[in-house]
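Written below as structure tokens is the structure these notes are about.
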Amino acid sequence: MLSWEQTPSLSPMRCCRAWVEIDLEALRHNVRQFRAWLGNQAQLMAVVKADAYGHGAVMVAQTALKAGASWLGVATVPEGIELRTAGIQAPILVMGAVNSHEEMQAIARWRLQPTLVMPKQALVFSDTLSRLASARPVEVHLKLDTGMSRLGFPAAEAVELVRFVRQLPHLKISSLYSHFATADSPDPTIMRQQHQRFEAAIAQLEEHHLRPLRLHLANTAATLVDPALHYDMVRVGLGLYGLYPAPHLQAVLDLKPVMQVKARITHLKDLPAGTGVSYGHSYVTDRPIRMAVVGIGYADGVPRILSNRVQVMIRGQLAPQIGTITMDQLMVDVTHIPNLQEGDVVTLLGHDGPHRITPDDWAALTHSISWEILCGFKHRLPRIAVEQPISSAPSAMQER
Ligand SMILES: *Cc1c(COP(=O)(O)O)cnc(C)c1O
């Protein structure tokens, strides 16, 4: 795949039909908001899995660390290696399952920190390490299942797990953690149940003098809901990117969206009434219109199911998307916006003039969640870091 970093002569700003704009100042602002909310007690882990929810993992990690985060969270070993390769030194927790010898060796080699969820896995890991030359112990994180029913050892048997891992060579327990299933729900019942199971496990461990160095439990939602859930560290993903896990959590912190998705008008044309537009002619003009073709499609991460259901923003005005969204392009009715030109910027997600369209708006239309919308944007779209969002900048084609 063409990498924009490797082709400086093709500056994305000048040539791109579409891109993802990352507002690093908004990211810093969000990190500072969380830091202030956490006080001095808890550390902030920036969760940068899935390429930082589509924002660009290296750029986000570097910025978040400078602004006050001290840990990074990823889902997979290659995601951790990408950060190390970029020169990032902060501790990196791999939150997903690590089972193969290859993954375990890479963990040691790149100083990543794995999540262990059962004695057998810890034993294999310890064995693998004993066969490597490096004598450095690997910091591991034990995960309890308190009710998510995904990765994790039964919370009621925490003592057994901790005791077993402690006696294994080459492993050093860095933390004990768990993950909420419903922290974004206005009904706290299940979250409180999970919290109680976590507390009960800690009490049992303390009884046996086995309490690990570090405890953590909270994702973005739990971090916002209750400081009693912060423990020694919080694992924040969505909130760093400036979105709220649920409407009822919006009052706690002032967060700013980090991502905008923009594309250029590549073609303008006038269509008479009765003209079918795009595949399947799912839209037929009922009057003469002026139509813009925009250089972004479902292969870039615009859900096809949004066809004929969303608006986009152009020159501070809303314009309806029409016809079926295609792989690389989509069409917009721009009859009401005068003097448009090929090359003009179209904002799909973000803000333009008085208007704002958010991943939550798209999620509501696609029966999805903002997390999925964000990480749906593909690598074909260059991530462009901007301190000032690009909207009214003259278009590439106008400059030529
Ligand atoms: C993804 C993830 C998080 C971050 O969740 P957000 O809701 O985006 O803050 C935290 N912990 C674990 C284990 C995760 O997998």
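Assorted remarks:
- Contact map, the stretch 22-49: residues that are more than 22 Å from ARG383 (Cβ to Cβ) and within 16 Å of the ligand (Cβ to nearest atom) paired with residues that are small (Gly, Ala, Ser) and open to solvent by 30 Å² or more (accessible area, probe 1.4 Å), Cβ distance under 6 Å, separation 6+ or inter-chain. Pairs shown: GLN43/SER70.
- THR76 within 14 Å of the ligand (Cβ to nearest atom), of a type in the set (Ser, Thr, Tyr) and either at pLDDT 95 or above or more than 16 Å from the chain's Cα centre (by Cα) (or both): yes
- With respect to (1) part of a strand (DSSP E or B); (2) within 13 Å of the ligand (Cβ to nearest atom), the lone exception for ILE173 is condition (2).
- Selection within the stretch 213-229: residues that are away from the ligand (no atom under 13 Å from the Cβ) and either at pLDDT 95 or above or farther than 22 Å from THR115 by Cα (or both). The member of this set that is surrounded by the most Cβ atoms within 10 Å (Cβ to Cβ) is LEU215.
- ALA201 vs. criteria open to solvent by less than 10 Å² (accessible area, probe 1.4 Å), away from the ligand (no atom under 16 Å from the Cβ) and farther than 18 Å from LYS49 by Cα: yes
- Number of residues in the stretch 364-381 that are within 14 Å of the ligand (Cβ to nearest atom) and either aromatic (Phe, Trp, Tyr) or free of Cβ contacts under 8 Å to residues at least 40 places away in the same chain (or both) equals 3.
- Subset of the stretch 139-187 (residues that are touching a helix residue (DSSP H, G or I) at 6+ places or on another chain (Cβ under 9 Å), open to solvent by less than 10 Å² (accessible area, probe 1.4 Å) and over 30 Å from LEU249 (Cα atoms)): VAL140, ALA158, LEU161, VAL162, VAL165
- Search result, residues across the stretch 297-347 that are more than 18 Å from TRP362 (Cα to Cα) and of a type in the set (Gly, Ala, Ser): GLY316, GLY343
- Qualifying residue in the stretch 102-120 (condition: over 26 Å from ALA86 (Cα atoms), surrounded by 14 or more Cβ atoms within 10 Å (Cβ to Cβ) and more than 30 Å from the chain's Cα centre (by Cα)): yes
- Qualifying residue in the stretch 233-243 (condition: touching a residue at least 12 places away in the same chain (Cβ under 8 Å), surrounded by 17 or more Cβ atoms within 10 Å (Cβ to Cβ) and more than 16 Å from the ligand (Cβ to nearest atom)): no
- Scanning the stretch 188-197 for residues that are surrounded by fewer than 22 Cβ atoms within 10 Å (Cβ to Cβ) and either within 14 Å of the ligand (Cβ to nearest atom) or part of a helix (DSSP H, G or I) (or both) returns THR189, ILE190, ARG192, GLN193, GLN196, ARG197.
- Residue check, ARG150 assigned to a loop (DSSP other than H, G, I, E, B) and basic (Lys, Arg): yes
Yes or no, residue by residue, for (1) aromatic (Phe, Trp, Tyr); (2) away from the ligand (no atom under 15 Å from the Cβ); (3) not in a helix (DSSP H, G or I):
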site: ALA64; (1), (2), (3): no, no, no
site: ALA90; (1), (2), (3): no, yes, yes
site: ARG111; (1), (2), (3): no, yes, yes
site: GLN121; (1), (2), (3): no, yes, no
site: VAL124; (1), (2), (3): no, yes, no
site: LEU132; (1), (2), (3): no, yes, yes
site: GLU139; (1), (2), (3): no, yes, yes
site: LEU142; (1), (2), (3): no, no, yes
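The values are calculated or read from the model by the stated rules, or taken from the named source; none is laboratory data. These numbers were taken from a predicted model, which means no experiment stands behind them. Virtual Cβ from ideal backbone geometry, glycine too; neighbours counted across all protein chains shown. Accessible surface areas use protein heavy atoms only, side chains included; no ligands, DNA or RNA. Shrake-Rupley method; radii C 1.70, N 1.55, O 1.52, S 1.80 Å.
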